[in-house]
Each structure stands twice: as structure tokens, then as C-alpha cells.
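The structure under discussion appears below in the form of C-alpha cells.
No lab work stands behind these numbers, since they all come straight from the coordinates. Quantities reported herein were computed from a predicted structural model and do not represent experimental measurements. Cβ atoms come from the backbone with ideal geometry, glycine included; neighbour counts cover every protein chain shown.
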Amino acid sequence: MLKQISTAALAAAILSGCAAASAQSPATGASETASQADGAAPTAADAAAFVADAEKRLAELSVYAGKAAWVNATHITVDTDYLAARAGAEYTELGVELANEAAKYVDVPGLDYDTSRKLNMLRQGLTAPAPNVPGAADELSTLLTGLQSAYGKGTGTYKGEVTRGNDLEALMGTVRDPALLQEMWTSWHKIGAPMKDDYARFVEISNAGAKELGYADTGAMWRSGYDMAPDEFAALLDRNWQEVKPLYDQLHCYVRARLNEKYGDEVQPATGPIRADLLGNMWAQEWGNIYDVVAPAGAGDLGYDLTDLLVQADYTPIQIVETGESFFSSLGFAELPETFWERSMITAPRDREVVCHASAWDVDNVDDLRIKMCTKVNADDFTTAHHELGHNYYQRAYNQQPFLYKNSANDGFHEAVGDFIALSVTPDYLVKLNLLDPANVPDESKDIGLLLRQAMDKVAFLPFGLLIDKWRWQVFSGEVTPATYNQAWTDLRREYQGIVPPGGERPADAFDPGAKYHVPGNTPYTRYFMARLLQFQFHKAACEQAGWQGPLHRCSIYNNKAVGERLNQMLAMGASKPWPDALEAFTGTREMSGKAMLAYFQPLQAWLEEQNEGRACGWSSAS
Ligand code: X8Z
Ligand code: ZN
């Protein structure tokens, strides 16, 4: 895959997990080879030369495009929008040119392994391809930049006061008054409506680009980057979901019952879907923030709450990031470069608009690592800081690879590394950080509570992680049209997550997908579903490597250099081999599956089944 640079932001780490890509080039036939010029059939040597040249051009342009995207995302103005859009368009044009060229070489006899792999990457690496028509890449890039910036500038209200999205996000985790939750949810979701037409136009252009490259639509192109047939990939995801769904269903049933006890039938009925704004998160994607509401009596009191510990210790956002860095150092990874601290954006500037949604960048493809976060001192951002650093350490680990291999084994791997590290944030580890008093370490009787707190984030996320791209795939294929964008979104949210928007029917002009960063940001989302499963596979394998004997949720690999070394081996492979090879290198298995996650939560699943006895679990998909 081309580096994932989202125009709108090249978001990111060029090539990293948090962004999406695009490309373009001088419209000269600069890469025409000698044998083509005389009309002879291209040879394997021509193909290798083409790939080498493509990597060079992409590497150069990605730095320029990455810098434009960085400036735009950390200071949104009409001018930085313009500059980022132009740079993004250039990158898209280059990507399209190279994809078309690559197609001419893929069937050349005698290709070596790397040339063949890289040709395929060049063919399908764009997240938003444009057709080869003058002005198309520019229009596409302008649309995406505008969508992302509109998201970045978005506001809603809290108690009638205009409030930034990033602040609303945090408030959704702490406020418990259903009227205020509904106000925040409803006002924030209004940011979607003005994006709808631009989004529809983006879909049109991008699909035209995908068709020119030989794909049915943009969704088909997205599914084709996983070292297996695209349909096989979609089927694998569905199988993985079926594997973990029984655990989600039990969690849903239990949480719904507790919300009903707290809020009463008027606010949260005992049956049917859950009201989306009651779950402690703007998108109901992770529910850990309402752990206090659902905690079981007795076993539920963990004796600590990570947000409280951080606040009591007067932690600053920078300290949160430093704590993440020191975890990686404890595994044997080199410290972050000085430029990381000089160039990162770690808190929200007061005086300008930015894209607050967290991302990790490697601007020069070597060691110009940065994060961009509007960090708050709470448990969510403690985890997110580890997540972002996971991207940065991955980027650095593969920085010796050729350009097209400077990426993760698949995009789910990029998203999984930091989360895997954060699974080692156990009570004992918090004691090591001097955040938790040893006397307050929860004993075994609190295991169910610890697991439930973790499941509220990790298990709750699964259907959300899957449905975003289910929606987008249908949008790209034309099965869902602009007229049904919102209804299809609401239906999928109900079917998969079992949630409904507060306040009933959505307004006719609503475009709720626009209120979730990755839709205007055009970042594929299936990666996060895979990452949820992979991080538990990594954790279980790492704990086994460490010789850990106890329950998985008590295992921390902090300070384990041997595990760090083996992890680095997988990360350093970059995208040079099919992802099952990378998975095998670290975990010993080639299968992505929910088994490790189920093993981790096994005691909780049994407990939830007991708690739910006699309850009518589930919900109907139809409204
Ligand atoms: O977008 C992210 C990261 C940046 S790659 C903060 N995540 C997803 C989200 O926030 O929706 C991490 C978890 C899921
Ligand atoms: Zn990420």
C-alpha cells in the first residue's frame, strides 16, 4: 500500500495507521522504460526499475505532502486547507499514475518476489483514487481536505454553551444527566449534515478512480489489500465477529439491565436497543467511562479509577506521553528523538483550530516521529497516548525497509501495537509508576470487576469496529445511496451494536456518519476491528513468552527485554511479507481470531451469563 496519507490530512503518518493515502505525479511519462520505448514487451528488469523509481518518487513526495498535511491538521485555515489539498492532489495523481503503470508489469514473467509484491501494493494502495481526468485529483483532494477540516472545526453545545468537539468527547464520559447527554449528542451530530453532499461527490469521484484501476468500486479496492482474495477477507471478518459476538451479546444484556435500573424505563427500557448517549462515549464505541454505573456490588469496587489516580498525582499531558515512552524503553526500544518533543502537538492550542482526533506521524519516513493529540488527563487519553506511540515505534522499527515496505503487516497491526502495550497497564504496573498505593491493589475477589472494566472498552468496541466499513462498503458499491445514507447508518448501528440515537427519528437532513472522524477523514475502519482481536493475540503470546502463569488480565510485560526483542522482530518486517508471516513471527500462529480475546475474558463471560439468567437478552434489528 502506498503510504497512508490522507489528503485531508495526509493524516498521518504517512503510511501509518492513522491516516489514509493518496498520490500523483508530474504528468510526463518519466517512468517509461527503455524496452517500452522501443515497443518491446516489458521485462522483469524493466519492472524492477519501474518499482525502484516509483519508490523514490513516492518517498520524496510523501515528505512534502506529509508536511503540508501536518501544518493543516495543526492549524486549520483557508490557506492551509488550500496547500494541503494541492499537495494531496499531487500525491493522488502520482499514486494513480503508478497504479496504472504497475498494472502493465504484474504479469511479466520472471518477476522476483519483492517486485511482484510491490507492484501489487502500487496497484491497490490508494485509499481515495481519482480517475485520470484533468482536475479530478484536485477536486477529490479539495473535498477531502474540506471534510476533514469541517470535522476539526466542529462544535456542539453543553448547557447551551458552544463547546468544542474534543471537550464534548470528554464530557460524554463524565456527565450522567440524560438530558445533557442528549443535548451533547444531538448538537454534535449536527456537524454531519453540511458534509453530506461533498461526501457523496467524493464517493462518485473515488469510485470512478477505482473503476479505472480495475476494481468494482472503492470498497472493493480497500478489501483487496490483505494478502488474500477480497471476498475471503470479508468472510474472515464475519467469522471473527461470529466468534466473539456471544460475549458482546452478554455484555449488552448486562449493561442494558444496569442502565435500566439507574435511569428507569422512560430513559432506558429493559428490552430492545440501548440509547446511544448513555454509554459514556459520543459514538458508544467504548463504554468504560460508565463502569461506575454498571459495576457489580462488592466485586465492582476496584479500589481505584485510573482517571482519579492521574488527576490526584497531578499528571500533565506530557507526563502521560513520557509514561508511554518509558514503557517502550523498558522493553528495550530506543528513546524517542528530541524532535518528537519539539514538533509534536500534545495539547489543544487555545488560539487556533486543529484536528484534535489523535494521530501519529513519521514525516520524513525515518525518524521525524510526532503525535498530534489534544490530550486530557484521563484514562481514555492515557490509553490513546500508548496507542499513538505504538504507531511511532512501529514506524521507526521498519524505517530500514524500502519505501513500499515502510508500513505494517496489515493496517490492523499498526492499530494493535500500542493497544497491546496498554493491556500491560495492570494494577501492579500502576504501583510501579507510583500512581497506585500498594495497599489499594485489588485482590483476586476483584477480578470480575477488572475484567468488566476492560470489556466495557474492548468488547463493546467490536461491532462498532466492524460496522463503519460495512456502511462504507455499501455506500461505495451503490447499495446505499445518498438518500439512504443516514437510515442505513442508523440501521447498522442498531443491528450490530444494538443501540439507537437519543430522541427517536433523526432529522431528514441528518448525516450522522459525518460526526465520526474516520468518515470525513476517509480512514478505513476495519483495521480497528482487527486490532481489537490482534492485540489480545499479541498480549497472550507475549505473556506466554514471559512465562506468565496467572490470569491474562494480570500480566504485564513491562521491563521484559526478551519480549521487546521478539516484538521488534515482527515490527521491523514492516510490510515486507504477507501478514500471516508477521503474526506467526510473534505469536506462532498464522490465524487471526477471537480466541485469545475470549480466553482473556472467559471468567467474565461465565459471570455475565449467570447475571443475565432470566433476562430476555438481545434486541430486534428492525425499528
Ligand atoms: O482513531 C483511533 C486512534 C487514531 S488511529 C486514536 N482509534 C479509533 C477511534 O478513535 O475511533 C483508536 C481506537 C479506535
Ligand atoms: Zn491508530
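Size descriptor for the stretch 338-386, Kirkwood hydrodynamic radius: 11.5 Å (Cα pairs only, one decimal).
Of the residues Ala130, Cys253, Gln148, the one whose Cα sits farthest towards the positive end of the charge dipole of the chain is Cys253 (charges of +1 on Lys and Arg Cβ, -1 on Asp and Glu Cβ, taken about the Cα centre). Expressed as a fraction of 2.2 N^0.38 Å, the value expected for a compact globular protein of N residues, the C-alpha radius of gyration of the stretch 285-432 is 1.12. With each label modelled as a point 7 angstrom along the Cα→C-beta vector, the Asn399-Glu613 pair spans 5.7 nm. Model label sites at Ala606 and Val133, defined 7 Å from Cα along the beta-carbon direction, differ in position by 6.2 nm.
DSSP assigns beta bridges within the chain; of those with both partners inside it, close to 75 percent run antiparallel.
When the stretch 362-464 is described by a simple charge dipole with +1 on each Lys and Arg Cβ and -1 on each Asp and Glu Cβ, the residue from Gly449, His414, Ser424 located farthest towards its positive end is His414.
Give, as a single signed number, the net charge of other residues whose beta carbon lies under 15 Å from the beta carbon of Tyr600, with Lys and Arg counted +1 and Asp and Glu -1. Don't skip to the end; give the middle numbers.
On the way: positive: Arg453, Lys458, Arg532, Lys540, Arg554, Lys595; negative: Glu243, Asp419, Asp447, Asp457, Glu544.
Residues close to Tyr600 contribute a combined charge of +1.
Neighbour counting of Cβ atoms within 10 Å sorts the residues Trp283, Trp341, fewest neighbours leading, into Trp341, Trp283. Residues whose amide H falls under 5 Å from that of Arg275, counting only those 5 or more places apart or on a different chain, are Val500, with hydrogens built in the peptide plane. For Asn407, the residues whose amide H sits under 5 Å from its own are Ala575, ignoring neighbours fewer than 5 places away on the same chain, with H placed 1.01 Å from N. The HN-Hα couplings worked out from phi for the stretch 128-137 by the Karplus form 6.51 cos²θ - 1.76 cosθ + 1.60 (θ = phi - 60°) are 9, x, 10, x, 7, 10, x, x, 5, 5 Hz, whole numbers, x standing for Gly and Pro. Here is the list for the stretch 239-334: GluC sites (Glu not before Pro) lying in DSSP coil, each with at most 14 other C-beta atoms within 10 angstrom of its C-beta, are Glu266. Each residue of the stretch 575-592 was assigned a 3J(HN,Hα) from its phi angle through the Karplus expression (A = 6.51, B = -1.76, C = 1.60, θ = phi - 60°), giving 9, 6, 10, x, 4, x, 5, 5, 4, 5, 4, 9, 10, x, 10, 9, 9, 7 Hz with x at Gly and Pro.
Note that the chain, at 10 °C in a medium of 1.306 mPa s, gets a Stokes-Einstein diffusion coefficient of 64 µm²/s from its Kirkwood radius over C-alpha pairs. Diffusion coefficient (Stokes-Einstein, Kirkwood radius over C-alpha pairs, 37 °C, 0.692 mPa s) for the stretch 492-623: 178 µm²/s, rounded to a whole number. 3J(HN,Hα) along the stretch 512-518, derived from phi through the Karplus expression 6.51 cos²θ - 1.76 cosθ + 1.60 where θ = phi - 60°, amounts to 4, x, x, 8, 10, 2, 5 Hz, with x in place of Gly and Pro.
With Cα atoms defining each centre, the stretch 400-454 and the stretch 65-120 are spaced 34 Å apart in the structure. For Ala313 and Ala235, the difference between the fully extended length at 0.36 nm per residue and the C-alpha to C-alpha distance is 23.4 nm. Positive end of the charge dipole of the stretch 435-591 (Lys, Arg +1 and Asp, Glu -1 on Cβ, about the Cα centre): tell me which of Ala546, Gln569, Ala531 has its Cα farthest that way. Going by the Cα projections, it comes out as Gln569. Among Trp287, Trp473, a tally of other beta-carbon atoms within 10 Å of each Cβ gives an order, fewest to most, of Trp473, Trp287.
Binning the alpha carbon pair distances of the stretch 63-181 at 10 angstrom intervals from zero yields the distribution 12, 28, 23, 19, 12, 5, 1, expressed in whole percent.
Can you tell me the equivalent ellipsoid semi-axes for the stretch 219-317? Use √(5λ) from the Cα gyration tensor, largest first, whole Å.
Values: eigenvalues 222, 96, 36 Å².
Ellipsoid semi-axes (Å, largest first): 33, 22, 13.
Length gained on full extension, Lys262 to Glu591, computed as 0.36 nm times the residue gap minus the Cα-Cα distance: 114.3 nm. Annotation: peptides 156-163, 419-426, ranked by per-residue average of other Cβ atoms within 10 Å with the highest first, follow the order 419-426, 156-163.
Fewest neighbouring Cβ atoms within 10 Å first, the residues Ser445, Ser623, Ser149 line up as Ser445, Ser623, Ser149.
Cα centroids of the stretch 289-364 and the stretch 141-187: 21 Å apart. Distance distribution note for the stretch 360-458: the fraction of Cα pairs above 21 angstrom is 45%.
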